[in-house]
Amino acid sequence: MATFKVGFIGTGKKPVHAGPQGYGMAHQHAVAYKALPDCEIVACADIVEENAKAFAEAFGVPRLYTHHKAMLEKEELDIVSVCTWPHLHAPLVIDAAVAGVRAIHCEKPMADTWGACRLMAQECERRGVRLTFNHQRRFGAPFRKAKALLDTGAIGELVRIEFGAGNLYDYGSHNFDLANYFNNEITASWAICQIDYRDENLVFGAHNENQAFALWQYRNGVFGVASTGMGAGLIGAHHRLVGTEGMIDIGAVNAPVLRVRRFGERDWEVIDCGNEGLHGPGYIERAIADVVKALREGGESELCARHALNATEIIFACWESVRRRARVELPLMIQDNPLNDLVARGELTPKPRG
Ligand SMILES: NC(=O)c1ccc[n+]([C@@H]2O[C@H](COP(=O)([O-])OP(=O)(O)OC[C@H]3O[C@@H](n4cnc5c(N)ncnc54)[C@H](O)[C@@H]3O)[C@@H](O)[C@H]2O)c1
(Lines give C-alpha, C1' and ligand atoms only; values in the text may rest on other atoms or scores of the structure.)
Protein backbone atom coordinates (compact mmCIF):
# COMPACT_ATOMS: atom_id res chain seq x y z
CA MET A 1 0.00 0.00 0.00
CA ALA A 2 1.48 3.33 -1.08
CA THR A 3 2.05 5.91 1.64
CA PHE A 4 1.82 9.07 -0.45
CA LYS A 5 -1.10 9.99 -2.70
CA VAL A 6 0.15 12.12 -5.59
CA GLY A 7 -1.86 14.50 -7.78
CA PHE A 8 -0.89 16.61 -10.80
CA ILE A 9 -1.89 20.12 -11.85
CA GLY A 10 -1.06 20.61 -15.53
CA THR A 11 -0.46 17.31 -17.27
CA GLY A 12 0.91 18.71 -20.52
CA LYS A 13 0.56 17.20 -23.93
CA LYS A 14 2.09 13.84 -24.56
CA PRO A 15 5.64 15.01 -25.43
CA VAL A 16 5.94 13.94 -29.06
CA HIS A 17 7.87 17.01 -30.17
CA ALA A 18 9.37 18.35 -26.95
CA GLY A 19 10.40 21.99 -27.19
CA PRO A 20 10.23 25.26 -25.31
CA GLN A 21 6.54 25.68 -26.11
CA GLY A 22 5.54 22.42 -24.46
CA TYR A 23 7.66 19.62 -22.99
CA GLY A 24 4.92 17.81 -21.08
CA MET A 25 7.10 17.87 -17.97
CA ALA A 26 4.31 16.20 -15.99
CA HIS A 27 4.99 13.01 -17.95
CA GLN A 28 8.58 13.08 -16.74
CA HIS A 29 7.54 13.71 -13.13
CA ALA A 30 5.09 10.80 -13.40
CA VAL A 31 7.83 8.38 -14.48
CA ALA A 32 9.76 9.45 -11.38
CA TYR A 33 6.85 8.89 -8.96
CA LYS A 34 6.11 5.54 -10.61
CA ALA A 35 9.60 4.40 -9.67
CA LEU A 36 8.94 5.04 -5.95
CA PRO A 37 7.07 2.22 -4.18
CA ASP A 38 5.55 4.55 -1.57
CA CYS A 39 3.97 6.89 -4.15
CA GLU A 40 0.72 6.38 -6.03
CA ILE A 41 -0.58 8.84 -8.63
CA VAL A 42 -4.30 9.00 -7.81
CA ALA A 43 -5.51 12.05 -9.74
CA CYS A 44 -4.65 14.71 -12.27
CA ALA A 45 -6.13 18.03 -13.40
CA ASP A 46 -5.71 19.92 -16.64
CA ILE A 47 -7.96 22.56 -18.21
CA VAL A 48 -7.53 20.66 -21.50
CA GLU A 49 -9.41 17.42 -20.91
CA GLU A 50 -7.66 15.66 -23.79
CA ASN A 51 -4.29 16.30 -22.10
CA ALA A 52 -5.54 14.97 -18.76
CA LYS A 53 -7.00 11.89 -20.47
CA ALA A 54 -3.78 11.08 -22.32
CA PHE A 55 -1.82 11.46 -19.09
CA ALA A 56 -4.27 9.32 -17.09
CA GLU A 57 -4.11 6.61 -19.74
CA ALA A 58 -0.32 6.67 -19.96
CA PHE A 59 0.16 6.30 -16.20
CA GLY A 60 -2.97 4.43 -15.10
CA VAL A 61 -4.32 7.40 -13.12
CA PRO A 62 -7.82 6.55 -11.85
CA ARG A 63 -9.40 10.03 -11.64
CA LEU A 64 -9.04 13.12 -13.78
CA TYR A 65 -10.38 16.67 -13.43
CA THR A 66 -10.58 19.76 -15.60
CA HIS A 67 -10.32 22.09 -12.63
CA HIS A 68 -7.55 21.82 -10.06
CA LYS A 69 -9.78 23.09 -7.22
CA ALA A 70 -12.22 20.22 -7.76
CA MET A 71 -9.31 17.78 -7.52
CA LEU A 72 -7.90 19.44 -4.40
CA GLU A 73 -11.34 19.40 -2.75
CA LYS A 74 -12.19 15.76 -3.51
CA GLU A 75 -8.83 14.04 -3.19
CA GLU A 76 -6.81 13.90 0.00
CA LEU A 77 -3.47 14.42 -1.66
CA ASP A 78 -0.12 14.25 0.08
CA ILE A 79 1.99 15.50 -2.83
CA VAL A 80 1.08 17.72 -5.80
CA SER A 81 3.27 18.30 -8.84
CA VAL A 82 2.58 21.65 -10.54
CA CYS A 83 3.64 21.48 -14.18
CA THR A 84 2.03 24.52 -15.83
CA TRP A 85 3.73 27.56 -17.33
CA PRO A 86 5.43 29.96 -14.88
CA HIS A 87 2.72 32.68 -14.57
CA LEU A 88 0.39 30.04 -13.02
CA HIS A 89 2.89 28.52 -10.58
CA ALA A 90 2.20 30.86 -7.64
CA PRO A 91 -1.62 30.82 -7.68
CA LEU A 92 -1.77 27.05 -8.19
CA VAL A 93 0.85 26.34 -5.51
CA ILE A 94 -1.00 28.59 -3.07
CA ASP A 95 -4.33 26.83 -3.84
CA ALA A 96 -2.67 23.45 -3.15
CA ALA A 97 -1.12 24.73 0.09
CA VAL A 98 -4.43 26.16 1.30
CA ALA A 99 -6.12 22.82 0.46
CA GLY A 100 -3.77 21.15 2.95
CA VAL A 101 -1.42 19.00 0.86
CA ARG A 102 1.87 18.11 2.54
CA ALA A 103 4.34 18.71 -0.28
CA ILE A 104 4.30 20.56 -3.60
CA HIS A 105 6.88 19.97 -6.29
CA CYS A 106 6.67 22.79 -8.81
CA GLU A 107 8.39 23.25 -12.15
CA LYS A 108 10.93 26.04 -12.57
CA PRO A 109 11.21 29.03 -12.97
CA MET A 110 9.53 29.80 -9.63
CA ALA A 111 7.06 32.46 -10.80
CA ASP A 112 6.81 35.42 -13.15
CA THR A 113 7.31 38.17 -10.54
CA TRP A 114 9.59 38.41 -7.52
CA GLY A 115 6.58 39.18 -5.32
CA ALA A 116 4.84 35.98 -6.44
CA CYS A 117 7.98 33.93 -5.73
CA ARG A 118 8.16 35.24 -2.18
CA LEU A 119 4.42 34.86 -1.63
CA MET A 120 4.26 31.21 -2.69
CA ALA A 121 7.23 30.39 -0.46
CA GLN A 122 5.66 32.31 2.45
CA GLU A 123 2.22 30.71 2.11
CA CYS A 124 3.73 27.22 2.07
CA GLU A 125 6.13 27.96 4.93
CA ARG A 126 3.44 29.23 7.28
CA ARG A 127 1.24 26.21 6.60
CA GLY A 128 4.07 23.71 7.05
CA VAL A 129 3.87 22.65 3.40
CA ARG A 130 7.10 21.50 1.79
CA LEU A 131 7.66 23.48 -1.43
CA THR A 132 10.32 22.38 -3.91
CA PHE A 133 11.32 23.32 -7.47
CA ASN A 134 12.49 21.07 -10.25
CA HIS A 135 16.11 22.18 -10.61
CA GLN A 136 17.00 18.57 -11.31
CA ARG A 137 20.46 19.12 -12.80
CA ARG A 138 21.92 19.26 -9.29
CA PHE A 139 21.56 15.48 -9.28
CA GLY A 140 23.59 14.87 -12.44
CA ALA A 141 27.04 13.29 -12.35
CA PRO A 142 28.87 16.17 -14.11
CA PHE A 143 27.57 18.65 -11.52
CA ARG A 144 27.94 16.34 -8.51
CA LYS A 145 31.47 15.37 -9.51
CA ALA A 146 32.43 19.01 -10.13
CA LYS A 147 31.23 19.88 -6.62
CA ALA A 148 33.21 16.98 -5.16
CA LEU A 149 36.34 18.20 -6.96
CA LEU A 150 35.75 21.68 -5.58
CA ASP A 151 35.17 20.38 -2.04
CA THR A 152 38.37 18.33 -2.08
CA GLY A 153 40.41 21.38 -3.07
CA ALA A 154 41.22 20.30 -6.65
CA ILE A 155 41.26 23.95 -7.79
CA GLY A 156 42.13 25.62 -4.48
CA GLU A 157 39.70 28.24 -3.18
CA LEU A 158 36.71 29.10 -5.36
CA VAL A 159 37.08 32.61 -6.77
CA ARG A 160 34.52 32.87 -9.59
CA ILE A 161 31.62 30.96 -11.13
CA GLU A 162 30.82 31.65 -14.77
CA PHE A 163 28.06 30.41 -17.01
CA GLY A 164 26.95 30.77 -20.60
CA ALA A 165 23.25 30.17 -21.37
CA GLY A 166 20.40 31.02 -23.70
CA ASN A 167 18.86 33.41 -21.17
CA LEU A 168 18.87 34.37 -17.48
CA TYR A 169 15.33 33.25 -16.61
CA ASP A 170 13.92 30.20 -18.39
CA TYR A 171 17.05 28.07 -18.69
CA GLY A 172 19.10 30.47 -16.55
CA SER A 173 17.03 29.39 -13.55
CA HIS A 174 18.98 26.11 -13.68
CA ASN A 175 22.31 27.90 -14.14
CA PHE A 176 21.84 30.19 -11.14
CA ASP A 177 20.62 27.29 -9.02
CA LEU A 178 23.75 25.33 -9.90
CA ALA A 179 26.02 28.32 -9.33
CA ASN A 180 24.59 28.62 -5.80
CA TYR A 181 24.99 24.86 -5.30
CA PHE A 182 28.70 25.16 -6.13
CA ASN A 183 29.00 28.07 -3.67
CA ASN A 184 27.29 26.20 -0.80
CA GLU A 185 23.96 28.08 -1.12
CA ILE A 186 25.43 31.36 0.07
CA THR A 187 23.21 34.33 -0.84
CA ALA A 188 24.32 37.08 -3.20
CA SER A 189 24.92 40.62 -1.98
CA TRP A 190 24.60 42.58 -5.24
CA ALA A 191 24.11 42.24 -9.00
CA ILE A 192 24.72 44.43 -12.05
CA CYS A 193 23.56 43.64 -15.58
CA GLN A 194 22.85 44.91 -19.08
CA ILE A 195 20.58 43.25 -21.62
CA ASP A 196 19.53 43.46 -25.25
CA TYR A 197 15.87 42.74 -25.99
CA ARG A 198 15.13 43.56 -29.62
CA ASP A 199 13.22 40.45 -30.74
CA GLU A 200 10.30 39.17 -28.70
CA ASN A 201 11.32 35.95 -26.98
CA LEU A 202 8.43 34.41 -25.08
CA VAL A 203 9.37 31.09 -23.52
CA PHE A 204 6.43 29.32 -21.83
CA GLY A 205 4.63 32.66 -22.11
CA ALA A 206 7.34 34.67 -20.31
CA HIS A 207 9.64 37.37 -21.71
CA ASN A 208 13.30 36.37 -21.83
CA GLU A 209 16.07 38.74 -22.92
CA ASN A 210 17.94 38.04 -26.17
CA GLN A 211 21.32 38.72 -24.60
CA ALA A 212 22.60 39.62 -21.14
CA PHE A 213 25.89 40.27 -19.44
CA ALA A 214 25.68 39.98 -15.67
CA LEU A 215 28.02 40.20 -12.71
CA TRP A 216 27.11 39.47 -9.10
CA GLN A 217 28.94 38.79 -5.86
CA TYR A 218 28.14 36.37 -3.06
CA ARG A 219 28.45 37.23 0.60
CA ASN A 220 31.61 35.09 0.86
CA GLY A 221 33.30 37.21 -1.82
CA VAL A 222 32.96 34.72 -4.71
CA PHE A 223 31.97 36.42 -7.98
CA GLY A 224 29.43 35.22 -10.53
CA VAL A 225 29.51 36.06 -14.24
CA ALA A 226 26.86 35.17 -16.81
CA SER A 227 26.77 35.82 -20.53
CA THR A 228 23.61 34.82 -22.40
CA GLY A 229 22.31 34.67 -25.95
CA MET A 230 24.85 35.46 -28.65
CA GLY A 231 27.38 36.29 -25.91
CA ALA A 232 27.21 32.85 -24.31
CA GLY A 233 30.31 31.86 -26.29
CA LEU A 234 32.39 34.21 -24.14
CA ILE A 235 32.17 31.61 -21.39
CA GLY A 236 31.85 28.70 -23.80
CA ALA A 237 30.64 26.34 -21.10
CA HIS A 238 27.51 25.48 -19.11
CA HIS A 239 29.57 26.38 -16.05
CA ARG A 240 33.19 27.26 -15.38
CA LEU A 241 34.51 27.22 -11.83
CA VAL A 242 37.64 29.32 -11.39
CA GLY A 243 39.76 28.66 -8.31
CA THR A 244 43.01 30.01 -6.89
CA GLU A 245 44.76 26.88 -8.19
CA GLY A 246 42.89 25.70 -11.26
CA MET A 247 39.66 25.53 -13.22
CA ILE A 248 36.75 23.14 -13.74
CA ASP A 249 34.68 23.18 -16.93
CA ILE A 250 31.24 21.60 -17.12
CA GLY A 251 29.74 21.29 -20.58
CA ALA A 252 32.46 23.23 -22.38
CA VAL A 253 31.97 23.53 -26.13
CA ASN A 254 33.62 20.67 -28.06
CA ALA A 255 34.97 19.11 -24.87
CA PRO A 256 34.06 16.18 -22.60
CA VAL A 257 31.25 17.06 -20.20
CA LEU A 258 33.58 17.47 -17.20
CA ARG A 259 37.23 18.40 -17.09
CA VAL A 260 39.61 19.94 -14.56
CA ARG A 261 42.87 21.82 -15.02
CA ARG A 262 44.90 21.51 -11.87
CA PHE A 263 47.55 23.91 -10.56
CA GLY A 264 50.63 24.08 -12.78
CA GLU A 265 49.18 21.69 -15.37
CA ARG A 266 48.96 22.70 -19.01
CA ASP A 267 46.48 19.99 -19.94
CA TRP A 268 42.93 19.31 -18.89
CA GLU A 269 42.16 16.09 -17.01
CA VAL A 270 38.92 14.49 -18.18
CA ILE A 271 36.58 13.21 -15.46
CA ASP A 272 34.44 10.23 -16.40
CA CYS A 273 30.69 10.83 -15.94
CA GLY A 274 29.53 7.57 -17.50
CA ASN A 275 26.60 8.17 -19.83
CA GLU A 276 25.45 11.28 -17.97
CA GLY A 277 25.37 14.60 -19.75
CA LEU A 278 24.04 18.07 -18.94
CA HIS A 279 20.39 17.03 -19.07
CA GLY A 280 20.25 13.42 -17.91
CA PRO A 281 19.39 10.62 -17.96
CA GLY A 282 17.73 10.01 -14.61
CA TYR A 283 17.98 13.52 -13.11
CA ILE A 284 14.24 14.11 -12.66
CA GLU A 285 13.89 10.65 -11.09
CA ARG A 286 16.61 11.56 -8.57
CA ALA A 287 15.12 15.01 -7.96
CA ILE A 288 11.69 13.60 -7.13
CA ALA A 289 13.22 10.80 -5.07
CA ASP A 290 14.94 13.52 -2.99
CA VAL A 291 11.66 15.43 -2.55
CA VAL A 292 9.83 12.28 -1.40
CA LYS A 293 12.71 11.22 0.87
CA ALA A 294 12.55 14.56 2.70
CA LEU A 295 8.81 14.08 3.21
CA ARG A 296 9.27 10.48 4.35
CA GLU A 297 12.27 11.00 6.64
CA GLY A 298 12.11 14.69 7.53
CA GLY A 299 14.81 17.23 6.70
CA GLU A 300 15.06 19.62 3.80
CA SER A 301 15.15 18.60 0.15
CA GLU A 302 17.98 20.14 -1.82
CA LEU A 303 15.30 21.54 -4.11
CA CYS A 304 13.67 23.57 -1.31
CA ALA A 305 12.07 26.96 -1.90
CA ARG A 306 14.84 28.62 0.12
CA HIS A 307 17.41 27.57 -2.47
CA ALA A 308 15.12 28.48 -5.36
CA LEU A 309 14.58 31.94 -3.88
CA ASN A 310 18.34 32.46 -3.65
CA ALA A 311 18.72 31.70 -7.36
CA THR A 312 15.63 33.58 -8.53
CA GLU A 313 16.54 36.69 -6.57
CA ILE A 314 19.68 37.08 -8.71
CA ILE A 315 17.67 36.74 -11.95
CA PHE A 316 15.22 39.48 -11.00
CA ALA A 317 18.05 41.59 -9.53
CA CYS A 318 19.80 41.44 -12.93
CA TRP A 319 16.69 42.72 -14.71
CA GLU A 320 16.15 45.30 -11.94
CA SER A 321 19.70 46.52 -12.56
CA VAL A 322 18.72 47.14 -16.20
CA ARG A 323 15.68 49.14 -15.06
CA ARG A 324 17.64 51.21 -12.51
CA ARG A 325 20.77 51.49 -14.66
CA ALA A 326 22.68 50.71 -11.49
CA ARG A 327 24.05 47.98 -9.25
CA VAL A 328 21.28 46.42 -7.16
CA GLU A 329 21.93 45.62 -3.52
CA LEU A 330 20.22 42.55 -2.06
CA PRO A 331 17.84 41.51 -0.59
CA LEU A 332 15.74 42.55 -3.57
CA MET A 333 12.98 44.89 -2.41
CA ILE A 334 10.70 44.85 -5.45
CA GLN A 335 7.48 42.97 -6.18
CA ASP A 336 7.18 42.95 -9.96
CA ASN A 337 9.08 41.63 -12.98
CA PRO A 338 11.35 44.47 -14.19
CA LEU A 339 11.64 43.03 -17.73
CA ASN A 340 7.84 42.88 -18.11
CA ASP A 341 7.65 46.43 -16.77
CA LEU A 342 10.27 47.75 -19.21
CA VAL A 343 8.34 46.17 -22.09
CA ALA A 344 4.94 47.40 -20.81
CA ARG A 345 6.24 50.95 -20.48
CA GLY A 346 7.79 50.90 -23.94
CA GLU A 347 11.37 51.31 -22.67
CA LEU A 348 12.15 48.02 -24.37
CA THR A 349 10.38 47.41 -27.66
CA PRO A 350 11.05 43.83 -28.79
CA LYS A 351 9.85 43.21 -32.34
CA PRO A 352 6.83 40.89 -32.11
CA ARG A 353 7.37 37.38 -33.43
CA GLY A 354 5.82 36.86 -36.84
N1 LIG B 1 12.92 21.21 -15.33
C2 LIG B 1 13.17 21.31 -16.64
O3 LIG B 1 14.26 20.96 -17.13
C4 LIG B 1 12.12 21.83 -17.55
C5 LIG B 1 12.16 21.58 -18.93
C6 LIG B 1 11.12 22.09 -19.71
C7 LIG B 1 10.12 22.84 -19.15
N8 LIG B 1 10.14 23.10 -17.79
C9 LIG B 1 9.08 23.90 -17.13
O10 LIG B 1 7.94 23.11 -16.95
C11 LIG B 1 6.78 23.94 -16.95
C12 LIG B 1 5.72 23.32 -17.83
O13 LIG B 1 6.24 23.18 -19.12
P14 LIG B 1 5.64 22.05 -20.10
O15 LIG B 1 6.55 22.04 -21.26
O16 LIG B 1 5.43 20.79 -19.35
O17 LIG B 1 4.25 22.71 -20.49
P18 LIG B 1 3.08 22.06 -21.36
O19 LIG B 1 2.54 23.16 -22.20
O20 LIG B 1 3.52 20.80 -22.01
O21 LIG B 1 2.00 21.67 -20.23
C22 LIG B 1 1.34 22.63 -19.46
C23 LIG B 1 -0.07 22.11 -19.19
O24 LIG B 1 -0.71 22.97 -18.25
C25 LIG B 1 -2.09 22.98 -18.58
N26 LIG B 1 -2.73 24.10 -17.88
C27 LIG B 1 -2.74 25.41 -18.22
N28 LIG B 1 -3.45 26.11 -17.32
C29 LIG B 1 -3.89 25.21 -16.38
C30 LIG B 1 -4.65 25.34 -15.19
N31 LIG B 1 -5.13 26.51 -14.77
N32 LIG B 1 -4.92 24.21 -14.49
C33 LIG B 1 -4.46 23.01 -14.90
N34 LIG B 1 -3.72 22.84 -16.03
C35 LIG B 1 -3.44 23.93 -16.74
C36 LIG B 1 -2.08 23.07 -20.08
O37 LIG B 1 -3.33 22.71 -20.64
C38 LIG B 1 -0.98 22.08 -20.43
O39 LIG B 1 -1.50 20.77 -20.59
C40 LIG B 1 7.25 25.34 -17.34
O41 LIG B 1 7.34 26.15 -16.20
C42 LIG B 1 8.64 25.11 -17.92
O43 LIG B 1 9.52 26.19 -17.71
C44 LIG B 1 11.10 22.59 -17.01
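The values are calculated or read from the model by the stated rules, or taken from the named source; none is laboratory data. Here the structure is a predicted model, which means the values were calculated and not measured. Here the Cβ is made from the backbone with ideal geometry for all residues, glycine too, and neighbour counts use every protein chain on show.
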Could you tell me how many of the residues in the range 1-13 are in a loop (DSSP other than H, G, I, E, B) and either at pLDDT 95 or above or within 9 Å of the ligand (Cβ to nearest atom) (or both)?
4
Among what's in the range 62-93 and is in contact with a helix residue (DSSP H, G or I) (Cβ under 6 Å, 6 or more places away or on another chain) and of a type in the set (Gly, Ala, Ser), pick the residue that is nearest to the ligand (Cβ to nearest atom).
Ser81
Looking only at the range 205-215, and only at residues there that are out of contact with any Pro (no Cβ under 7 Å at 6 or more places or on another chain) and outside any loop (DSSP other than H, G, I, E, B), the one that is nearest to Thr244 (Cα to Cα):
Leu215
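When you look at Phe176, is it outside any loop (DSSP other than H, G, I, E, B), under 22 Å from Glu320 (Cβ atoms) and within 16 Å of the ligand (Cβ to nearest atom), yes or no? Outline the logic, then answer.
Working: outside any loop (DSSP other than H, G, I, E, B): yes; under 22 Å from Glu320 (Cβ atoms): yes; within 16 Å of the ligand (Cβ to nearest atom): yes.
When the stated conditions are applied, Phe176 passes them.
Of all the residues that make up the range 41-61, how many are out of contact with any strand residue (DSSP E or B) (no Cβ under 6 Å at 6 or more places or on another chain) and more than 14 Å from the ligand (Cβ to nearest atom)?
We begin by selecting, within the range 41-61, every residue out of contact with any strand residue (DSSP E or B) (no Cβ under 6 Å at 6 or more places or on another chain); these are 46-51, 53-54, 57-58, 60.
Subset that is more than 14 Å from the ligand (Cβ to nearest atom): 57, 60.
So the count comes out to 2.
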Of the criteria (1) within 11 Å of the ligand (Cβ to nearest atom); (2) crowded, with 18+ Cβ neighbours inside 10 Å; (3) among the β-branched types (Val, Ile, Thr), which one Ile104 fails
(1)
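Going by what's in this entry, would Ala252 be described as farther than 17 Å from His174 by Cα and of a type in the set (A, V, I, L, M, F, W, C)? First the steps, then the outcome.
Working: farther than 17 Å from His174 by Cα: no; of a type in the set (A, V, I, L, M, F, W, C): yes.
Spelling it out, it is not the case that Ala252 is farther than 17 Å from His174 by Cα and of a type in the set (A, V, I, L, M, F, W, C).
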Here is a list: Tyr169, Tyr181, Tyr197. Which entry is more than 16 Å from the ligand (Cβ to nearest atom) and of a type in the set (Phe, Trp, Tyr)?
Tyr197
Output yes when any residue across the range 1-15 is among the β-branched types (Val, Ile, Thr) and more than 24 Å from the chain's Cα centre (by Cα), and no when none is.
yes
Looking only at residues in the range 112-131 that are without any contact (Cβ under 8 Å) to a residue 60 or more places away in the chain and small (Gly, Ala, Ser), which one is nearest to the ligand (Cβ to nearest atom)?
Ala116
Of residues in the range 216-260 being part of a strand (DSSP E or B) and free of Cβ contacts under 8 Å to residues at least 24 places away in the same chain, the one surrounded by the fewest Cβ atoms within 10 Å (Cβ to Cβ):
Arg259
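Test Glu276 against the stated conditions and say whether it is of a type outside the set (Lys, Arg) and buried (at least 17 other Cβ atoms within 10 Å of the Cβ). Outline the logic, then answer.
Numbers: of a type outside the set (Lys, Arg): yes; buried (at least 17 other Cβ atoms within 10 Å of the Cβ): yes.
For Glu276, the condition - of a type outside the set (Lys, Arg) and buried (at least 17 other Cβ atoms within 10 Å of the Cβ) - is met.
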Return only the number of the condition from (1) assigned by TED's automatic domain parsing to the domain that holds Asn210; (2) over 23 Å from Thr187 (Cα atoms); (3) without any contact (Cβ under 8 Å) to a residue 40 or more places away in the chain that Arg323 does not satisfy.
(2)
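So, Asp46, is that one among the acidic types (Asp, Glu) and touching a residue at least 60 places away in the same chain (Cβ under 8 Å) or not? Break it down stepwise before answering.
On the way: among the acidic types (Asp, Glu): yes; touching a residue at least 60 places away in the same chain (Cβ under 8 Å): no.
Here the answer is no, as Asp46 does not meet what is asked.
Does Gly22 satisfy the criteria of being in the same structural domain as Ile79 (by TED's automatic domain parsing), on the phi > 0 side of the Ramachandran plot, of a type outside the set (Ser, Thr, Tyr) and at pLDDT 95 or above?
On the way: in the same structural domain as Ile79 (by TED's automatic domain parsing): yes; on the phi > 0 side of the Ramachandran plot: yes; of a type outside the set (Ser, Thr, Tyr): yes; at pLDDT 95 or above: no.
In short, no.
Run down Ala30, Ala97 and say which single residue is within 20 Å of Tyr283 (Cβ to Cβ), small (Gly, Ala, Ser), assigned to a helix (DSSP H, G or I) and in contact with a strand residue (DSSP E or B) (Cβ under 9 Å, 6 or more places away or on another chain). If you could, list the steps in order and put the result at the bottom.
Numbers: Ala97 fails: within 20 Å of Tyr283 (Cβ to Cβ).
Criteria check complete, one pass: Ala30.
With the requirement that a residue be under 24 Å from His279 (Cβ atoms) and polar (S, T, N, Q), what does the range 146-183 give you?
Within the range 146-183, the first condition is being under 24 Å from His279 (Cβ atoms), and the residues that meet it are 146-151, 161-183.
Result: Asn167, Ser173, Asn175, Asn180, Asn183.
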Scope the range 124-165; condition farther than 23 Å from Arg219 by Cβ and surrounded by fewer than 18 Cβ atoms within 10 Å (Cβ to Cβ); matching residues:
Arg126, Arg127, Gly128, Arg144, Ala148, Thr152
What number goes with the only condition from (1) touching a helix residue (DSSP H, G or I) at 6+ places or on another chain (Cβ under 8 Å); (2) surrounded by fewer than 18 Cβ atoms within 10 Å (Cβ to Cβ); (3) farther than 24 Å from Thr228 by Cα that Arg327 does not pass?
(3)
